[in-house]
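Some notes on the structure that comes next.
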Amino acid sequence: MQTLSCRVAGKPSGTGPLLEVRSPYSGELVGTVTTVGRAEAEAAVAAATAFTATPSKYQRAEILEKTRIALEARRDEFARIITSEAGLALREARYEVGRTVDVLRFAAMEALRDDGQIFSCDVSAQGKPRKIFTTREPLRCAVAITPFNHPLNQVAHKLGPAIAAGTPIILKPSEKTPLVALRFAELLHESGLPGPMLSVLLGPTHEVAEFLVRHPDVEVVAFTGSVPVGKRIAATAGYKKLVLELGGNDPLIILEDADLELAVTLAAEGSYRNSGQRCTAVKRILVHEAIAPEFTRRLVAKTAEYLCDDPMLESTRVGTVIDEASAIHLETVVKEAAAAGARVLTGGQRRGALLQPTVIDQVPRDCRMVVCESFGPLAPIITIRDLDDALTLANSTAYGLSSGVVTNNMQAALKAIRTLRCGTVNINEVPGFRIESSPFGGVKDSGLGIKEGVIEAMKGYSYVKTFSLPWA
Ligand code: NAP
């Protein structure tokens with residue numbers, strides 16, 4: 001049982017109502033957080049904007065490295081916090097801590113990197129013997145708002161790059177999963193991060209999240225979450241930078257020549273890992289009609305390996321979704337698809353917030369399960385006639401986050417890369433494959449095309465200053 005408080009400029013704070021955090025699996029109370037209101041949100045912005053003692057690049061790298069070492073030593077403790085509040089299988093939570101360790105390592109490396117460019121000015125008829133230089137300057141105050149599905153790694157993807165860039169940041173984590181975020185903030189402060197460089201706030205949406213989004217002294221809002229909330233933020237933020245990482249409906253396209261074993265493994269991993277709650281989870285499996293029967297038979301057999309049970313058990317591969325209401329919603333979209341002609345081949349049973357990994361084939365192309373984002377362990381199969389049919393279908397939803405294509409045909413792979421309107425195309429990999437420093441992010445309703453990943457995110461948390469000197 002964790003008893004925690006919000007942190008304003010590094011100090012425990014909050015006198016508001018207690019936020020109770022319960023295990024999605026057992027309903028047991030696993031933690032409480034004292035919440036804050038508008039006054040503390042204003043104080044956090046004031047502390048951030050008044051802060052001028054920005055640590056040097058070396059000091060920022062040291063803080064991030066110390067945090068990484070401390071997190072590695074407490075890997076299992078952090079994983080158990082994630083599992084207790086998010087219901088994710090312990091093995092997934094350990095994987096997430098590993099990814100966070102990578103974020104910290106890469107952010108520390110990037111903090112040290114020289115960030116400027118030099119331009120000679122005698123390169124044109126209009127030029128002069130001068131030099132123009134650029135340097136990256138921190139912003140005065142950033143706000144990050146994060147979702148529940150990767151409760152630690154999403155937080156690290158905001159805080160790590162902001163710290164590396166030297167920008168004070170205020171985090172508003174999901175109120176479904178605040179515990180690991182607050183423990184992570186403690187670790188950063190214990191590792192030497194100056195108090196005003198990080199506040200973590202939870203409280204009523206209009207007093208905290210919306211207040212921060214609108215605040216004129218906040219220079220960037222970095223949001224990861226659903227499309228409706230992202231669009232609301234875009235409509236209300238006003239004159240500031242916006243980084244929006246929103247929902248997805250990623251296809252895995254399996255062509256006739258695909259290595260079938262690989263295709264089955266990628267479909268299962270992509271659909272079921274993290275309880276299917278990844279923005280880049282496989283949400284539609286588009287299989288060539290010639291291989292669909294054999295692929296489907298093998299996927300049903302493979303699905304039996306994904307044991308769905310108590311997330312704390314080492315044997316469990318699929319834990320709960322975030323809450324019972326979400327599991328009921330998923331059950332409903334499966335029933336809708338079945339009523340429209342789809343066949344549920346395995347899974348579909350629900351126990352509380354546990355939803356068995358579910359394979360559904362003959363899914364109509366227009367049913368809710370595949371048009372909207374289904375955030376859970378569902379594997380909906382749709383047959384395709386050929387590559388063109390797959391690409392048209394893949395591009396037909398409002399989303400454009402990522403995609404995967406299983407083929408050994410180079411021409412087909414290149415055509416898919418050219419044609420898919422989304423942020424990432426992975427050939428012979430799941431849509432979610434990436435490393436923590438590579439550019440990541442979507443287009444259309446999935447985002448504005450501004451990428452995250454440690455290197456790109458640092459650009460969001462800084463601005464380029466250009467200066468010139470009269471010496472060649
Ligand atoms: P959500 O409901 O949009 O919530 C995300 C965050 O926004 C939470 O911290 C939430 O706070 C906050 N929020 C809610 N209303 C707000 C408002 N009016 N103004 C400002 N902030 C507000 O998303 P979720 O259900 O937690 O997460 C799942 C979604 O995130 C999925 O759609 C998934 O695809 C997407 N996602 C995208 C990416 C990506 O990189 N593209 C990565 C991961 C997840 P409360 O907790 O207090 O409601």
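Per-structure values
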| quantity | calculated |
| --- | --- |
| List Val333, Val371, ordered by accessible area with a 1.4 Å probe, largest first | Val371, Val333 |
| Rounded to 10°, Cα long-axis angle of helix 260-272 versus longest principal axis of the chain | 60 |
| At q = 0.09, 0.16, 0.18 Å⁻¹, base-10 log of I(q)/I(0) for segment 250-435 (Debye sum, equal scatterers on each alpha carbon) | -0.28, -0.90, -1.15 |
| At most 12 other Cβ within 10 Å, DSSP loop - chymotrypsin sites (Phe, Trp or Tyr not before Pro), segment 409-472 | Trp471 |
| Protein-only accessible surface order, largest first, of Cys372, Cys6 at 1.4 Å | Cys372, Cys6 |
| Rounded if a/c under 1.5, otherwise prolate or oblate - the chain, Cα gyration tensor axes | oblate |
| Angle in degrees between helix 324-339 and the longest Cα principal axis of the chain, rounded to the nearest 10 | 40 |
| Residue-level accessible surface for His189, protein heavy atoms, 1.4 Å, Å² | 30 |
| Solvent exposure ordering (accessible area, 1.4 Å, most first) of Phe119, Phe78 | Phe119, Phe78 |
| Heavy-atom accessible surface of the chain: percent carbon and sulfur, 1.4 Å | 55 |
| Orientation-averaged projected area, Cα convex hull of segment 103-262 (nm²) | 16.0 |
| The chain: calculated mean residue ellipticity at 222 nm from DSSP helix runs of at least 4, using -39500 (n - 2.57) | -11500 deg cm²/dmol |
| Relative contact order %, segment 250-435, counting alpha carbon pairs below 8 Å whose residues are six or more apart | 30 |
| Accessible area per residue in Å² at 1.4 Å probe, computed on the chain | 39 |
| Prolate/oblate/rounded label for segment 16-163 (Cα gyration tensor, a/c 1.5) | prolate |
| Cα long-axis angle, helix 227-236 against the chain (0 to 90 degrees, to the nearest 10) | 30 |
| Estimated FRET transfer efficiency (Leu313, Glu77; beta-carbon r; R0 22 Å; 0.05) | 0.80 |
| Listed residues Asn249, Gly98, Ala185: farthest to the positive end of the dipole of the chain (Cβ charges) | Ala185 |
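The values are calculated or read from the model by the stated rules, or taken from the named source; none is laboratory data. All figures in this text were calculated on a predicted structure; none of them were measured in a lab. All Cβ positions, even for glycine, are placed from backbone atoms using ideal geometry, and neighbour counts span all protein chains on display. Remember, those area values only see protein heavy atoms, side chains included, never the ligands or the DNA or RNA. Shrake-Rupley method; radii C 1.70, N 1.55, O 1.52, S 1.80 Å.
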